Structure formats: structure tokens, C-alpha cells
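Trainee: Sharing a structure below in C-alpha cells format, with a few things to ask.
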Amino acid sequence: MKHSVDMEKPPLMISITKRKGDFMKYCSFGDNENELLYDIPPDRGKTSEYCSKDAIDKSTLCGPRYAEHEVVTTRVNYETRGMNHIEGGWPKDINPTDLEQTVRFKKKIEKDDMYIHSVRQLSYTMEHCIRQNNAINIYEMYFDEEDNIPVYENYCYKTLNIFRDPVKQKRPIQQMSWSPDGGTHLAASYCNLAFHQTFNNVQTSSYIWDIENPIKPDIILQPEVPVVSLEYNPKDPHSLISGLFNGQLAFWDVRKGTEPVEISPPECSHKDPVFNTLWINSKSGTEFFSSSPDGQVKWWDIRKLSEPLETLVVDLTKGEEPKLTRAHGISVLEYENSIPIKFMIGTETGLVICGNRKGKTPAEKLSTQYKAHYGPVCALQRNPAFVKIFLTVGDWCAKIWSEDCKESAIMWSNYRRTRLTAGAWNPTRYSIFYIARMDGSLDLWDVLHQQKEPNMSIKVCDEPLNCIRCHENGQLVSTANNNGGIYLLKFSENLAVSAKNDKALLTATFERECRREKIIESKMKEMRLKTRVGKVIDSHIATKDVKANPVINLDQVYIETAEKEFFAIIEEIFDNSPTAKDGILQSGDEIIGINGQSVKGKTKVEVAKLIQNCEKEVNIAYNKLHADPQQGKSLDIILKKVKHRLVEHMSTETADALGLSRAILCNDSLIQKLKELENIEVTYRGLVEHATKVLSDLGTYLHKAIPDTKLTIQKYADAKFEYLSYCLKVKEMDDEEIGYATLQEILYRVDTGNYEYRLILRCRQDARNRFAQLRSDVLVKLELLDNKHIQDVVWQLQRFVSSLAYYHTQVLDLLNENKLFPIEVDLAKTALEYDCNDQMASDYEDESFNVNHNDPMIPESSLLEDATDVLADLENLRFDDKDSEKSPSDSFSEFKCFSSTEKLLHSEDLLTNNPEDELKDKSEDLLLNLK
């Protein structure tokens, strides 16, 4: 279709006329309303001449288009050159390296007049500058520093370099090692661990890379057998040690070539590939040790690789000689330079074993075991700041352990969908660790931020990651895969620098988790102990007759055992020893020597034997402890004291349910006396309530003697709790020393004078002195109170007997005056029929005489009611006598709850012809029985 344009139509024109004077004037523009200048309506008649076009997408390039574009990059070649610097300014006859000549020459110059003149001329300029600095405070802050607003941590990373294997064969990287000279080089071992492979066409080379040059290896190591493990010497950046596939060990010095300097003989080497080689913190810096799946750990010296220094077979069978056939295969080895004699082993069966090289027997060398994983332990490393905390990686999870908790880990990750292959702590930020996975991902965990999921997960590559190694600066992390690729990652600075309170928070976190696991562990042990005791009881009941052997009282067994242990602890202090009497040598003083012989490092038993073997005079050299015993009364002692006090007031069932022991003071005779005093207090309170006339006599006993004795017993119990707490503290510290001595380690506090232990001993001695003094005071006061109690009882009985005699005399006089007819009393109960429930008959039964005076379950109130009823009956029988000097009922009301009086009340002998004599005889018999 052709389009035609009508050119004859005149164009649109608008003419604007102005005066000449308005030209070149300043233009002032303003806003006006919209104004339609021209409107062209559409011509619908021409619609048939056109057709609508479909919409299409079209791109437009705004920039210029190049016909040809080439970029040529030229690599800058670097080279290292040295520079020689020679110090000048000295005369030829003066040696600048000779300190004596230079000092002599300086003194000679300083005595010259020109030197003094030059110094004076230069001093003016110097003084002018100094005065300016004094006039202006150059350190003054004119603006206060703004408060640092906490910024949300943004984790980021970038891949610096990728080091690929120059060989076309796909070889997994088994281990990497950073050079000790600042981490400028990275050594990697390339080895395919396929079973029964031949080395005919296999590349055996391993490489040392410069981290700034990923194109070409800096050094190529050419062994005859592939290298499995490789490790730099931390004291020498030129020497390395490696473990080979055939079990041999090779020593390298990169200054002497690409081949190993020395190789261990096959007959003295491992039987399987050497998976781990680690240097030891020795004086010579030439010792290392290695491990292999054959179950052996060997210690070597590079100066003599012909045979190992020591060999350890990881056989955990107790009581038998170690054998390779029973040894556990070792998958990973760990060593911390700050603990030179200890090491850790991760086995292929999932165990983590703490070893001690200085142990004398295999059991001492492999002392502690942790059941870490279901499969082989792939990674094992101690925390750089907390050496008792270590990380393990295996199967599908990572776990954080503490050496103090052997039953379970203190932290662990969730089980992942893919297996975990490696792990490592961040060397500068101690709460961060990295985990490598089989799917090519790298997880970053920060235990202070969250513990359920990783803080960051990085997809490094598509191949499985084999190993991971962190740089000493904390920002660089190298990880390797199965195809021989090494990925150098650089993380953000906030992941390498610890915050101000990070270490304190991490310490609190680890301590909290350890404490939680210890509580759970102790609870589980208690449950297992109860289960075993229950089985023993069941077997005991099953084998013996139940009637002849009633149910065993376990609480009584626990109480007796704990009481024996408690008094055994008390007997450790010899009361009558000469040193104790003189007061010269006290607890906490450190004994240095005996008769000139040093006893440092010996046990208390050995020192005691030395003193005992001395026949004549014994000269003891010791360090006197000058300390305030209040310093030893720490929070731990106070908490133990509170615990004992709480346990003592618990029931047996509650204490057993909480896993606590009540066997400390539950059988203490003095503590039981407190309960008797409480019963006596109740008795005397009843006497005070019912006998007003004896209140003044009992007031001293009630309000002074008993409260004072109770307070003394409470102080005695408090002193006993405190002394027991110090005893337990000493026992814990002794166990700690024994544990370190078993490991052949020196405890820090022992090495520094053992001040804390000596202070606790002094505090224990002072606490026991207070405990003994209070015990003596309690015994004296209890004896006085018992005497007072017996005297009061005798006096009350005497008053009661005299009151009965007086009342009986009055009754007889009244009966004789009135000459009443005699009443025949049926005492035999044969003339009439009596009701068996008659109260009077029950009152005169013989059973009323069989009263257990020592039974605390008989309430004194019932006895008081019986006595009151009898007195009321007697008062109803007598006549009103206003001239009587003393009312019998008042005298009777002074008596309170003595069960022996029932025999007097119900006795028929009171109606005899001589009542006073009979009453006196019976009262004397009662007093003798009471005494």
C-alpha cells in the first residue's frame, strides 16, 4: 500500500506581533490554564484504506555497535629482588656494629664546642614548637563520640581463587595444610583411596600452591606412592611430614628438591594408609606422630625415621595385652600444642578416645571414651580458646563435647539430609565453626546466635567436599572436593573478629550446657543405681524366706553408710597431736621438708610415714599460711550449707525423688534432742496454761533456758553444716589432684603454691573448732535442762500427793461428823450386773496402769482431761468449807499430764485407814521409778 501526502495544503502557522520596544526584555513566565490551539478531527472515511498491524517485540540498542571488539590482557610478572642497606655517617675507623666504639665516639662528639653551639641553635626552633603544642591541646575532643548503634551482622563471603589439579585424572584431595609463615602457601595431598588400585598409571604428585597464583603450583612434590596426609612443621616453613598410601612416612625439605629427604622403612611403618600426621610440641621441633586404620599410633623423630620412638595399639579390651586383631581403626587424630602430653583419637567405629602419652599402662594411655557417632569420626578438633571443648563431625550431624561430660554431647546439630565430611573451628572467633557436606555445601555455625540451623550455607561446588582448613587470620577458609579442586573463600571481617563480650558469653554458654548435662548424667546414674539395688533386693527376697527376712530398709542402710563416712572424715584431724596442742602447725600450712628431706610431690600418706619413722626429734620445715579464714567461705561453701539444711528438713521420699541424700544429720543424737525439747516445750506450755500458780517457776525454764538451748543447738547444726561443707570441698580438691596425678599432669594451683587448698584446710580447722565447742556447750545445757526437768516433776508430784492427803483428811472428818450410815461397795462386781461399757468400770481396769511413759504418741491433753474429771468428781463429794486455808482443787490444778499419776487416781488403796502413809509410800515408789 502506498501512502500519499498532500503537499498543497498550507502548513500550520501562527503569527505573533510585538512592538519594537518589547524586544530584548526580560521574560517573565507564568502558569496559565490549558488552552486548545488547534484540533484536527479524524477522517473516518479513509479507514478502509488502512489495515492494523500486529504488535511485535523489538529491542533497541542505544549505544554504538562495534563491528569487531578485542580485549588483550597482559599478565604482570612479579619477581623478588633484594636490597643491600649499609649504614653511613660513621668514620672509617669506627665499626658501627661495635657498641662500645660507637658510644665512645658519641661521648667525644658531645664534648665538642661546635656540638653544643649547634644544639643551642636548634633548641630555639624546638622550643617554639613545644610552646605551640602546650598552648593548644592537640588531644582535646570538641565533639563527643556518638554512641555506637548495634548493627545487624551481615554475613558475606567471596571466592578469591580456585586451584585446580593440573593432572587430567580426577584425584580427591585428602588433606591440606597452611604454611606457618603467615599462610602464604597451601600444601595439598592428592590421592585416590580406591581399594586395590595399582600405581602404574596413577599420578602420585602433590602440590604446594601460592595463594596468589592459582594457575601454576609453586612446588611439586614427587613421591613414589601417593600422599594421603601432609602437614607443615609449625616451626619451619620449609619442612613437611607426610603419610603415604602404603603406610610409610616421608619427610620433605622443599629447599632440597621435590623428592622426600627420608622415608621410614616398610617393616616399621603402618600396615594401612596413613590418614593423619601431626607435629608434637617438643624442644627439638623434630618429633611427630601418625595414625592409620590399622589401629596403631606411632611417635617418630625426623632425625631417625628408621624406627618409631613409641607405638600404641588402640585396643580397648581391659585386662589383656593389646593386639592388632582387636584394635580400632583410627580415622582422625587431634593434638593441641598447649597440652603437650595429651592427644585425641577418632575411630572408625564412632568412638572418641582421650589419650595420655605419659600413661604407664594401655588403660592409662587411653583413659576416657566418648560414644560420638554411629559411623567413622570424620573430623575432631579442640576449640582454640576452650581446650576442654572439642568438635566432632560424623555420619549426619556435628557435635560439641566437653571433657567433663562423658555420657553425652553438650550441643549437637540436627541430622542433615546429606552426610558431613569435615569440620573446623574458626581460630579467631571462637563461637564459629565450619562444616563441609557431601553435596558440595559449606555450613557456617555460630553457637552464640543460633543452634538449630546454620547461620549461612554456601554452595561451593557440585562435587562432594572432602576437607576444610582455616587460615590463622580467621577470614580465609580453604576447602577441597573430590575432583582435586581447592576453593579459597574469604569471609567478611565480622566473622573473624570477636565482639567485646563474645568470650564471656561463650564461657557462660558452655558452662550452662555442661552443668545441664552433669545434672542429667547424675540423675541417670542414680536411676541405674536404684535399678541395680532393686534387682539385688529382688534376688535377696527370692532366695530367702520372706518371713524370716522382712523388707530391707534401704533408707537405714544409706543413713548408716553416710554416717560412717562422715565420722571417718572427722577423724582425719588428730586432736591430741603435739602440733595441734602447741598451735604451731595448723591445717593449711604447707610442709616443705622433714629432717632436711624435701617432700615436694609426695602424698600425705608418704609424708605421714616419714614422720612416723623418725625415732628421735622431728624437724618440719613448712610455709605458714597467713590468711583470713573468711576468704575461704566462698559461694560454693554457702550453697553446700544451704543444700544440707534443705535436705535435713525433707522427707525420705522427697529427698530420694530429688536425688539427694538425707544421711548426713538425720541420725544425729543432738539434733534428735531438739525434737525432744520441742515435746517438752509443748508439755510445759500446757502446764503454763492450766497451772497459773506455777507459771513463775516455769517461766525461766520456758522463756530462757529452752530458747537458749534451741539457739545453741541451731548454732551447733550450722557449725556442723559449715564444717561438713569444708570437708566435702577438701575431698573434691583431693580428687582433682588425684585425677591430674593419674594423667601425670601438674595442677595449676598446686604448681603455684596451692594457696586455695591450704586456705580451705585452715577454714576447715576453724570450723571444726567451733563445731566442737558448740557440741560441748549443747551437752552441758542439755544436762542442766534434764536436771531441772526432773526436779520440777518431783516437786509437782509432792504437791499433788500433799493435796490428795489434805483432801482425803477433810473428807473423813466430814463423814465422821455427820455419822452417815455405811455404804457397802460392791468392789468384786458380783451382786449386780454391770454394763461392760461403763465409764467407771473402765477407769478401774488394770489396763490403765500399763501406760508407756516414753511413748510420744500419747497426748498429754487426754491425761489432763482424765485428771480434771477425777478432781471434779472429788470436789462434788466434799462440803463447802470457807475457812479452809487452801482449796484442794487449786492444788490439783497445778498437776499436768504425768501419766504416772493415773495409778494414784485409780488406786483403791486410797480408801484405806492410813491414806497419808499409803500416798507417801506410793509417791516415793513413783519417784524412784521416774528417776
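Trainee: Quick one: which of Lys158/Lys388; Lys298/Lys388; Lys360/Lys530; Lys342/Lys530 span more than 31 angstrom between C-alpha atoms?
Mentor: Violating the 31 Å Cα-Cα cut-off are Lys158/Lys388; Lys360/Lys530; Lys342/Lys530.
Trainee: Using bins 5 angstrom wide from zero, how does P(r) for segment 56-141 break down, in % of all Cα pairs?
Mentor: Going out from 0 Å in 5 Å bins, segment 56-141 shows 2, 7, 8, 8, 7, 7, 7, 8, 7, 5, 4, 5, 5, 5, 5, 4, 2, 1, 1, 0 percent.
Trainee: Report the relative contact order of segment 339-484, percent, no decimals, based on alpha-carbon pairs under 8 angstrom and at least 6 residues apart.
Mentor: RCO, segment 339-484: 14 percent.
Trainee: Tell me the Rg and the Dmax, in Å, that the Cα atoms of segment 372-544 produce.
Mentor: 20.0, 74
Trainee: So, one more: Which ordering of Tyr157, Tyr50, Tyr190 is given by a fewest-first count of other beta-carbon atoms within 10 Å?
Mentor: Tyr50, Tyr157, Tyr190
Trainee: Cut-off is 10 Å between beta-carbons; in what order do Asp236, Asp735, Asp113 appear when sorted fewest neighbours first?
Mentor: Going from sparsest to densest Cβ surroundings: Asp113, Asp735, Asp236.
Trainee: Using the 10 angstrom Cβ neighbour count as an exposure proxy, how do Ile410, Ile620, Ile241, Ile520 rank, fewest first?
Mentor: Ordered from fewest to most neighbouring Cβ atoms within 10 Å, Ile410, Ile620, Ile241, Ile520 come out as Ile520, Ile620, Ile410, Ile241.
Trainee: Please turn the phi angles of segment 321-332 into ³J(HN,Hα) values with the Karplus equation 6.51 cos²θ - 1.76 cosθ + 1.60 (θ = phi - 60°), one per residue in order, whole Hz, x for glycine and proline.
Mentor: 3J(HN,Hα) across segment 321-332, in whole Hz: 5, x, 10, 5, 5, 9, 6, 8, x, 9, 9, 8.
Trainee: Kindly write out, for segment 335-352 in residue order, the coupling ³J(HN,Hα) from the Karplus curve 6.51 cos²θ - 1.76 cosθ + 1.60 (θ = phi - 60°), rounded to whole Hz, with x marking Gly and Pro.
Mentor: 8, 10, 5, 6, 10, x, 9, 10, 8, 10, 10, x, 9, 6, 9, x, 8, 10
Trainee: Separate question: If amide H atoms are built 1.01 Å from N in the plane of the peptide, which residues on other chains or at least 5 residues away come under 5 Å of the amide H of Ala398?
Mentor: Here the answer is Ser413, since their amide H atoms fall under 5 Å of that of Ala398.
Trainee: For segment 469-474, take each phi angle, set θ = phi - 60°, evaluate the Karplus expression 6.51 cos²θ - 1.76 cosθ + 1.60, and give the result in whole Hz per residue in order, putting x for glycine and proline.
Mentor: 8, 9, 6, 5, 7, x
Trainee: Here's another thing I want to ask about it. Given a Förster distance of 41 Å, report the FRET efficiency between Val261 and Arg164 from their Cβ-Cβ distance, rounded to the nearest 0.05.
Mentor: Calculated value: 0.90.
Trainee: Rounded to two decimals, what ratio of Rg to Rh does segment 275-419 give with C-alpha atoms and a Kirkwood Rh?
Mentor: 0.97
Trainee: Counting only residues 5 or more places away or on other chains, whose amide H sits under 5 Å from the amide H of Asn276 once H atoms are built in the peptide plane?
Mentor: So Asn276 has HN proximity to Ser291.
Trainee: Amide H of Leu366: which non-local residues (sequence gap of 5 or more, or other chain) have their own amide H closer than 5 Å, using H built in the peptide plane?
Mentor: Here Asn356 satisfy the definition.
Trainee: To continue, here is another question. So for segment 372-544, taking the charge dipole from beta-carbon charges (+1 Lys/Arg, -1 Asp/Glu), which of Phe491, Cys405, Ser431 sits furthest toward the positive end?
Mentor: Cys405
Rule-based calculations on the coordinates, nothing more; no lab input. Quick caveat: nothing in here was measured; it's all calculated off a predicted structure. Cβ sites come from the backbone with ideal geometry, for glycine too, and all protein chains shown count toward neighbours.
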